[in-house]
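Read through the structure below, which is laid out as structure tokens, and then see the notes.
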Amino acid sequence: MQELTHFIDGEHVKGTSGRFADVYNPATGEVQSSVPLANQAEMQKAVDSAKAAQPGWAATNPQRRARVLMKFVDLLNRDMDKLAVALSKEHGKTVPDAKGDVIRGLEVAEFCIGAPHLLKGEYTDGAGPEIDMYSLRQPVGIAAGITPFNFPAMIPMWKFCPALACGNAFILKPSERDPSVPLMLAELMIEAGLPKGLLNVVNGDKESVDAILDHEDIGAVGFVGSTPIAQYVYSRGTANGKRVQCFGGAKNHMIIMPDADMDQAVDALVGAGYGAAGERCMAVSVAVPVGEDTANRLIEKLAPRVEALKIAPYTDGDDADFGPVVTKEAQQRILGLIDRGVEEGATLAVDGRGFTMQGYENGFFVGGCLFDNVTKDMDIYKTEIFGPVLSTVRAETYEEAIQLALDHEYGNGVAIFTRDGDTARNFVNRINIGMVGVNVPIPVPLAYHTFGGWKKSVFGDLNQHGPDAFKFYTRTKTVTSRWPTGIKEGAEFSIPTM
Ligand code: NAD
């Protein structure tokens with residue numbers, strides 16, 4: 001069995017802690033490799049390497065730093081197929097979807113090529129007598145990223161591309177479920193010309209996360225994962241004086257108004273609810289049809305589409321709609337929640353619990369499930385299922401529908417399907433959720449905008465990628481300078497005012 005490594009100081013390094021985790025092929029259920037779980041001493045090696053490399057990198061002019069990212073983008077395109085297959089083999093998503101995972105990260109690398117422009121400071125000429133005032137954006141020093149299993153290419157790149165473009169060194173602690181692609185990305189950055197030590201990948205679990213959160217030389221931490229861990233990372237990191245931003249779980253509603261184009265809404269729900277087996281933080285997991293007639297029309301069209309979903313291993317390429325979920329544990333958790341929904345009295349309009357795949361009987365597959373008549377007190381409504389399960393909550397009016405989304409504890413994404421501009425506008429203005437789609441089911445912002453939820457989907461105050469990333473990975477320094485030719489007033493004891 002293959003033993004994976006860490007990537008420290010520009011090279012692959014074997015784990016020395018003696019602790020390992022199994023990495024599965026979710027389609028077959030087999031263990032395909034083992035990943036080392038770092039201890040504090042291994043994290044210290046990564047910090048030492050980052051600390052030695054960072055000052056030289058910060059002193060390298062921003063255009064030269066950006067050129068490394070330019071080359072990195074070329075290499076990602078060159079290795080796209082290889083990256084996508086490695087990603088699918090550990091995650092379980094289809095190869096076309098895995099390419100999307102890489103490309104959404106690549107787009108952030110492209111945005112970061114514009115770093116020289118984004119890092120320009122501000123200048124006031126003549127802020128006072130002979131006084132000029134200007135602000136600089138300087139790197140935080142060493143930044144770290146702790147990332148989830150569901151986007152093992154995109155989210156690491158959302159973190160390290162802007163951090164490096166700003167002149168930081170970066171330590172990535174990827175998910176222990178699918179660590180191969182993050183290691184491949186680090187290799188590509190070296191090939192692209194990044195000096196060693198600036199991007200270290202340290203594999204691990206809670207022990208390595210705590211080592212990051214307690215390390216006094218790490219100035220900023222970006223986290224993406226489930227809400228309880230997001231809250232924990234935020235509390236411990238900020239208590240240790242770090243700048244921390246944590247993105248958590250979600251329960252994304254899609255409201256279908258009576259005037260919506262029903263075929264379009266059904267297409268949207270099938271893709272956004274079941275793509276990647278629902279293992280996306282922006283997946284639609286709650287459909288809210290408004291009015292009895294809308295609900296009946298929706299279920300009538302949706303149920304046969306869910307029954308017809310093509311579930312297959314990643315090796316089926318374009319012929320699969322989605323693959324298995326990531327681990328046996330995830331599969332059992334999802335099946336348990338579906339059972340719970342039935343016990344709670346929801347109607348299981350499509351039951352995918354018995355799904356098995358011929359030739360892949362040990363794979364972690366879950367068939368597409370569709371619930372109708374879900375109510376807001378049910379666990380399947382309150383909990384993030386993170387599987388191919390869509391819950392339908394019937395609302396009598398628009399007010400009832402918007403109130404559901406307003407009251408839910410998560411606030412990552414939401415969508416409304418309607419032909420009415422007034423309703424859409426009212427919805428956009430009133431909703432307390434970070435990313436909103438109007439006739440768009442998964443409103444993930446592009447690289448030059450910023451990504452982030454509200455409520456329990458986020459801890460911290462700046463978003464990911466876009467201009468916010470450049471604020472997060474830099475500190476502002478404001479300089480007031482005077483060249484006092486001819487000024488002879490002597491000491492001043494009162495605060496100067498303009
Ligand atoms: P997770 O919280 O289990 O793990 C995320 C990271 O935290 C991993 O690197 C993991 O090793 C680490 N971790 C796990 N347990 C820990 C502990 N006890 N202490 C310290 N660190 C720990 O999340 P996951 O299952 O990998 O990912 C799925 C979750 O991520 C979902 O809730 C999903 O909604 C969320 N997610 C959110 C966004 C977003 O931008 N809001 C994006 C993608 C995924």
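The values are calculated or read from the model by the stated rules, or taken from the named source; none is laboratory data. Quick caveat, the model's predicted, so the values are computed rather than measured. Because the Cβ atoms are built from the backbone with ideal geometry, glycine has one as well, and the counts that use them run over all protein chains shown. The accessibility values were calculated without ligands, DNA or RNA, using every heavy atom of the protein model including side chains. Shrake-Rupley method; radii C 1.70, N 1.55, O 1.52, S 1.80 Å.
A compact table of results
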{"item": "Unit charges on C-beta of K, R, D, E only; dipole of the chain, Debye", "result": "1560 debye"}
{"item": "Cα convex hull volume per residue for region 252-438 (Å³)", "result": "108 Å³"}
{"item": "Apportionment of accessible area to carbon and sulfur, the chain, percent (1.4 Å)", "result": "50 percent"}
{"item": "Region 355-498 - charge dipole about Cα centre, Lys and Arg +1 at Cβ, Asp and Glu -1, debye rounded to 20", "result": "800 debye"}
{"item": "Region 252-438 - share of DSSP beta bridges that are antiparallel (%, nearest 5)", "result": "15 percent"}
{"item": "Cα lying deepest toward the dipole's positive end in region 252-438, options Ala330, Val270, Pro388, charges on Cβ", "result": "Ala330"}
{"item": "Given charges at beta-carbon only (K, R positive; D, E negative), |dipole| of region 252-438 in Debye", "result": "340 debye"}
{"item": "Fraction of antiparallel bridges per DSSP, the chain only, in percent to nearest 5", "result": "45 percent"}
{"item": "Efficiency of FRET from Cβ geometry, Ala303 and Arg340, R₀ 30 Å, rounded to 0.05", "result": "0.90"}
{"item": "Segment Phe493-Lys328, extension gain: residue separation times 0.36 nm, minus the distance between their alpha carbons", "result": "52.4 nm"}
{"item": "From phi via Karplus (6.51, -1.76, 1.60), per-residue ³J(HN,Hα) for region 381-394 in Hz, x at Gly/Pro", "result": "8, 6, 8, 6, 7, 6, x, x, 9, 10, 9, 9, 10, 7"}
{"item": "Reference-scaled alpha-carbon Rg (2.2 N^0.38 Å with N residues) for the chain", "result": "1.06"}
{"item": "Environment charge at Gly56 (Cβ cut-off 12 Å; Lys +1, Arg +1, Asp -1, Glu -1)", "result": "+4"}
{"item": "Length added when fully stretched, Asn240-Ile103, from 0.36 nm per residue minus Cα-Cα", "result": "45.8 nm"}
{"item": "Inter-part distance where region 281-334 and region 147-162 are each reduced to a Cα centre, Å", "result": "25 Å"}
{"item": "Glu396 versus Lys51: modelled label distance in nm, points set 7 Å from Cα along the beta carbon direction", "result": "6.5 nm"}
{"item": "Length released on extending from Asn432 to Lys382, taking residue separation times 0.36 nm less the Cα-Cα span", "result": "16.3 nm"}
{"item": "In Hz, Karplus ³J(HN,Hα) per residue of region 300-315 (6.51, -1.76, 1.60; θ = phi - 60°; x = Gly, Pro)", "result": "4, 7, 6, 4, x, 5, 6, 4, 8, 4, 9, 10, 7, x, 4, 5"}
{"item": "Mean accessible surface per residue for the chain, computed with a 1.4 Å probe while every protein chain stays in place, in Å²", "result": "41 Å²"}
{"item": "FRET efficiency, Ser34 to Asp267 (Cβ-Cβ, R0 45 Å, nearest 0.05)", "result": "0.65"}
{"item": "Partner lysines for Lys120 [C-alpha distance under 27 Å; skip if fewer than 8 residues away on the same chain]", "result": "Lys51, Lys71, Lys159, Lys196, Lys242, Lys471, Lys477"}
{"item": "In nm, spacing of pseudo-spin labels at Asn61 and Asp81 (7 Å Cα→C-beta vector)", "result": "4.0 nm"}
{"item": "Restricting region 91-124 to trypsin sites (Lys or Arg not before Pro) in coil, as DSSP defines it, with at most 13 other Cβ within 10 Å", "result": "Lys120"}
{"item": "Efficiency of FRET from Cβ geometry, Gln231 and Thr375, R₀ 30 Å, rounded to 0.05", "result": "0.65"}
